[in-house]
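Data block below; observations after.
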Amino acid sequence: MIKIHDISKVFNQGQPNEFWAVRGITLDIDVKRVTVLRGPSGSGKTTLLSMIGCLSRPTSGRIFLGERNLSGLPERFLTQIRRETFGFIFQRFNLIQGLTVLDNVMLPAYPLAPDHGALVQQAHALLEQFGMAAKRESKVEWLSGGEAQRTAICRALLNDPQVLIADEPTANLDTRLSQEFMHIIDELKAAGRTIILTSHDPVVSDAACVDRVITLRDGQVQDS
Amino acid sequence: MSHFVRRQRYLIDFTLASLGRRKGKNLGLLGVYTLIVFLLASVMLFSQSLRREAGLLLENAPEVVVQRMVAGRHDLIPADYLERIGKVRGVVAKYGRLWGYFYDPAVQANYTLLVPRDRQIKNGEMIVGHGIARTRGLGAGDYLTFRSAQGQSFAFRVADVLASDAELVSADLLLVNEADFRAFFGITAGMYTDIALEVRNPREVRKVAEKLSVMLPDTRPILREEILRTYDALFQWRQGIVFVLLGGSLLAFVIFAWDKASGLSAEEKREIGILKAIGWETGDVIRMKFWEGALVSLGAFLLGYLAAYGHVFFFDAALFAPVLKGWAVLYPRFHPQPFVDGLQVATLFFFTVFPYTVATVVPIWRAATTDPDAVMR
Amino acid sequence: MLLSPAILALIGVSAVVTALLLLAAVFAVRVLRHWDLQSGSELQLRLERSTYLISTLVTFAIAAEVVALLLFVYNAESMHTQFVGAMCATGVLNVNAWGWPALLLKITVFFTGSVWLLLNRLDNQGYDYPLIRLKYGLLLVLLPLVAVSGLVQLQYFLNLNPDVITSCCGSLFSPNAQGVAAEVSAVTPRDAMLALYGSGVLVLASGAVYLRRRRFATLFAASATIAFPVAIVAIVSSVALYVYEHPHHHCPFCILKGGHDYIGYWLYIPLFSATALALGVGALAPWHNIASLRTAVAADARRYTMIALTGFALFYAVATYAIVRSNLTMAGTWW
């Protein structure tokens with residue numbers, strides 16, 4: 001269970017362009033469920049997502065991952081938790097150009113320095129699972145949207161995370177690929193993972209596997 | 001331990017790929033870096049080998065040379081001083097030497113005339129150094145004519161030419177026998193130019209010199225170790241001056257390195273953001289960037305050093321020779337002997353790799369502390 | 001002054017290292033003033049980011065100082081031809097009064113820096129940066145030390161005049177001469193060796209006790225503080241004589257040369273690293289009560305102690321070996 005208690009995030013505090021992206025949000029995210037955060041741009045959903053996923057620290061308030069209080073942790077430990085617990089899929093896939101599909105997938109594990117053979121095997125297994133095995137030596141610049149999406153999913157799953165976070169995952173996909181994506185999400189949920197998505201795409205928020213939709217506006221939760 | 005090694009290998013892997021992705025920028029940096037290493041290494045290698053050459057050459061010189069001084073200037077020394085020296089403890093051999101300078105107006109050069117102890121030369125013959133032979137186009141059988149102090153013409157037949165690999169000492173040398181020498185310079189039989197003594201134990205040299213100065217108050221002993229010391233200091237000093245002069249280019253290099261390290265393209269910033277977002281920690285990114293610097297440094301150091309080695313030892317340091325060798329008309333053809341030593345490499349490292357790394361510390365840190373959630377937007 | 005590249009490099013490195021530590025200290029002061037781990041404000045985030053910079057700067061500075069220490073000794077060795085009476089590095093260091101202090105300060109910087117680095121490593125393993133104030137306070141002590149070391153070294157080089165007659169190790173280390181160097185070798189070999197083995201037993205025993213009981217770490221560190229100078233004295237007044245097979249050659253630097261199988265490295269490297277690690281254990285152990293560091297202290301202190309004990313054991317073994325295999329026998333005279 002991920003518990004968020006009264007968190008706020010401000011940018012440029014004390015300066016004329018001070019901006020409160022998130023104000024006083026309190027929520028609980030259920031495990032093994034799919035939760036979607038919906039809202040217009042500027043509503044704070046991406047900021048909230050990055051705080052949940054240990055990518056940034058809240059200015060005030062507390063975040064609990066199970067029993068652990070994440071808010072006061074220094075970056076070194078946040079990163080450790082993030083590596084073990086969260087897998088990220090970004091809006092623009094954010095694959096490293098110039099590297100192959102396989103290299104991109106293995107990248108999150110580099111700092112952990114596992115045995116190379118085992119790592120390669122693990123990466124291969126994931127690529128098989130998502131049908132990317134044939135393209136593993138191709139450079140990522142040559143992939144289509146759907147293939148890049150699947151590579152990003154493999155990368156996110158490399159460290160076997162409990163929670164998968166995706167920010168606007170279907171923004172660069174057509175309807176067919178979006179539906180395919182939601183199908184993958186459904187499978188991952190069935191496998192026992194917790195999934196948190198942000199989107200303003202109805203294909204995502206109206207999908208059958210979605211358990212809860214939270215609407216955000218101006219940094220606060222709208223009661224719906 | 002092996003975990004540490006494995007992690008570095010992964011980082012190096014990524015670093016190599018990343019360097020390859022930005023070939024243009026990195027090759028430019030590598031080029032400038034290599035040039036700096038090349039310049040400094042050439043200077044060091046050349047002057048080191050000159051120093052060493054001087055040392056090697058002086059190995060066979062006598063440990064003490066006694067010169068007579070009259071009114072503070074070097075004068076001829078009477079042969080009976082040899083008896084006056086008598087038996088000094090530690091002195092293995094003592095003998096008078098005959099040598100002098102001669103100015104040849106034809107080539108506006110100074111020759112050194114010497115009476116060798118180990119060769120027999122016939123009357124009227126001479127053995128010339130390779131430098132003279134080259135400048136005046138002489139070979140065995142040719143004649144050289146000089147005008148003596150008394151105004152007479154002395155003709156010498158060249159019996160032989162000294163080997164060219166001894167050129168550093170013998171470029172301007174002319175060897176004649178004692179009788180000819182004395183006749184040419186007008187030096188009477190009882191006088192020598194100076195007296196040489198050989199002392200086996202280096203620790204006794206100063207004591208012997210002390211005794212000599214007491215025994216023969218109108219002389220000064222010149223110690224070989226003093227000559228070596230002076231050469232040493234001179235070459236070190238020259239090296240130092242050149243390094244100071246190159247300080248400007250070193251500073252320019254440092255600024256260039258700083259600039260390159262700070263000027264991250266948007267693409268690079270994005271990459272670091274991605275790395276941090278997928279689980280790399282700031283420390284990992286810093287380490288990776290340091291490996292980038294280390295690999296570039298290693299490449300530049302090796303290339304620069306090898307190029308300098310080639311420059312000095314295969315091309316005879318064509319770029320620097322005039323500054324470091326000194327100034328003369330008869331330039332000996334000098335082929336420096338390869339000589340590398342740890343201290344030299346370490347000093348070079350501190351003048352090149354160290355400033356480069358220092359210049360990149362803060363830029364690397366700034367790059368590595370990129371906010372990962374910037375990549376979410 | 002001699003204007004050689006090596007000397008320029010050494011002066012340059014000292015200056016740059018001082019500058020790096022100064023920069024680190026500026027950030028450290030800021031951290032000490034505004035640190036609040038619980039706050040998520042932008043200031044706190046900036047401060048946390050700057051801790052990475054400080055770590056990197058200090059690690060780099062200490063690494064440079066260590067290499068510079070070696071360069072200093074090698075350079076002194078290579079300059080000996082330029083000073084009358086100097087047979088090796090010892091004579092060069094003796095040219096003016098700043099030589100030995102410069103070396104000693106560099107060694108002090110090495111130990112202080114090593115302890116700082118070990119403390120830093122420990123602190124980074126605690127999720128609440130428990131030792132941050134201690135660490136950065138220690139940094140503010142390290143900075144002036146490095147600055148003074150650089151200044152003394154500069155003075156030494158500025159006053160190096162090649163014409164000055166200096167005493168070579170023979171006359172310097174002979175018991176009749178004055179100064180610390182003379183006293184050190186006036187210690188008889190017998191006393192020196194007894195002290196060596198005595199302090200060796202003490203340090204090995206206290207290390208073993210720490211491994212077993214996890215207590216008395218301070219004793220271990222203290223015994224290392226004694227063992228180190230005793231070891232140096234023993235090298236100069238006894239072990240060196242056996243290595244050179246000469247009853248009056250006391251120089252501590254000539255054992256680094258190839259002619260003696262580089263045995264000096266086998267002696268100094270284990271000795272220095274073991275002492276540094278033992279001091280580190282002494283610095284780490286008091287913090288085992290802090291919740292966030294408990295496991296880290298236990299693991300690190302254990303590892304360092306084991307490596308330190310191995311280092312000390314190696315040192316004493318090599319020293320004994322040097323004496324045993326030497327052709328010098330002073331059975332009647334010294335023993």
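The values are calculated or read from the model by the stated rules, or taken from the named source; none is laboratory data. Quick caveat: nothing in here was measured; it's all calculated off a predicted structure. Heads up, the Cβs are rebuilt from the backbone with ideal geometry, glycines too, and the neighbour counts pull from every protein chain shown.
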(request) Tell me which of these C:L37 doesn't satisfy, since it passes every other one: (1) more than 11 Å from chain B (Cβ to nearest Cβ); (2) assigned to a helix (DSSP H, G or I). (result) (2)
(request) Any residue in segment C:49-62 that's within 21 Å of A:F77 (Cα to Cα): show its pairings with residues that are outside any helix (DSSP H, G or I) and of a type in the set (S, T, N, Q) at Cβ separation under 7 Å, as long as the two are six or more apart or on different chains. (result) C:R49/B:T369; C:Y52/B:T369
(request) Identify the single condition in (1) over 30 Å from C:S4 (Cα atoms); (2) surrounded by 19 or more Cβ atoms within 10 Å (Cβ to Cβ) that B:A41 does not satisfy, given that it satisfies every other one. (result) (1)
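Being free of Cβ contacts under 8 Å to residues at least 40 places away in the same chain, more than 30 Å from B:V296 (Cα to Cα) and not hydrophobic (A, V, I, L, M, F, W, C) narrows it down to one of B:E59, B:E53, so name that one.
Just one listed residue meets the conditions, B:E59.
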(message) Residues to consider are B:R182, B:R206, B:R200; find the one that is touching a residue at least 12 places away in the same chain (Cβ under 8 Å), assigned by TED's automatic domain parsing to the domain that holds B:A93 and more than 31 Å from the chain's Cα centre (by Cα).
(response) B:R182
(message) Filter segment C:10-20 down to the residues that are in contact (Cβ under 8 Å) with a residue 60 or more places away in the chain and either outside the structural domain of C:N96 (by TED's automatic domain parsing) or buried (at least 22 other Cβ atoms within 10 Å of the Cβ) (or both) and list them by number.
(response) C:L10, C:S14, C:V17
(message) As an exercise: evaluate B:Q120 against (1) closer than 23 Å to B:E226 by Cα; (2) among the polar types (S, T, N, Q); (3) not in a strand (DSSP E or B) and give the number of the one condition it does not meet.
(response) (1)
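Inspect segment C:13-29 for any residue being in a helix (DSSP H, G or I), small (G, A, S), facing chain B (nearest Cβ under 9 Å) and under 27 Å from the mean Cα position of the chain (by Cα) and give the result as yes or no.
Start the filter on segment C:13-29 by keeping residues that are in a helix (DSSP H, G or I), which leaves C:13-29.
Still in the running and small (G, A, S): C:14-15, C:19, C:24-25, C:28.
From what's left, facing chain B (nearest Cβ under 9 Å): C:19.
Remaining after also requiring under 27 Å from the mean Cα position of the chain (by Cα): C:19.
The answer is yes; a qualifying residue exists.
Just to be sure I understand, how many residues within segment A:67-79 are touching a strand residue (DSSP E or B) at 6+ places or on another chain (Cβ under 8 Å) and either crowded, with 19+ Cβ neighbours inside 10 Å or outside any strand (DSSP E or B) (or both)?
2
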(message) Give me the residue from segment A:186-214 that is out of contact with any helix residue (DSSP H, G or I) (no Cβ under 9 Å at 6 or more places or on another chain) and within 21 Å of A:I7 (Cβ to Cβ) and, out of that set, surrounded by the fewest Cβ atoms within 10 Å (Cβ to Cβ).
(response) A:R212
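Give me a count of the residues in segment B:37-68 that are closer than 30 Å to B:D80 by Cβ and within 12 Å of another protein chain (Cβ to nearest Cβ).
Pass one, segment B:37-68, residues closer than 30 Å to B:D80 by Cβ: B:58, B:60-68.
Subsequent filtering for residues that are within 12 Å of another protein chain (Cβ to nearest Cβ) retains B:58.
So the count comes out to 1.
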(message) It is to be established whether one or more residues within segment B:324-333 are within 14 Å of chain A (Cβ to nearest Cβ), modelled with pLDDT under 85 and in a loop (DSSP other than H, G, I, E, B).
(response) no
(request) Could you please tell me which pairs satisfy a Cβ distance under 8 Å, a separation of 6+ or placement on different chains, a first residue in segment A:78-104 that is within 20 Å of A:Q149 (Cα to Cα) and facing another protein chain (nearest Cβ under 9 Å), and a second residue that is modelled with pLDDT under 85 and in a strand (DSSP E or B)? (result) none
(message) Could you list, ordered by first residue, the pairs with Cβ atoms under 6 Å in which the first is in segment B:242-269 and within 14 Å of B:V358 (Cβ to Cβ) and within 14 Å of chain C (Cβ to nearest Cβ) and the second is assigned to a helix (DSSP H, G or I) and modelled with pLDDT under 85, at least 6 apart or interchain?
(response) none
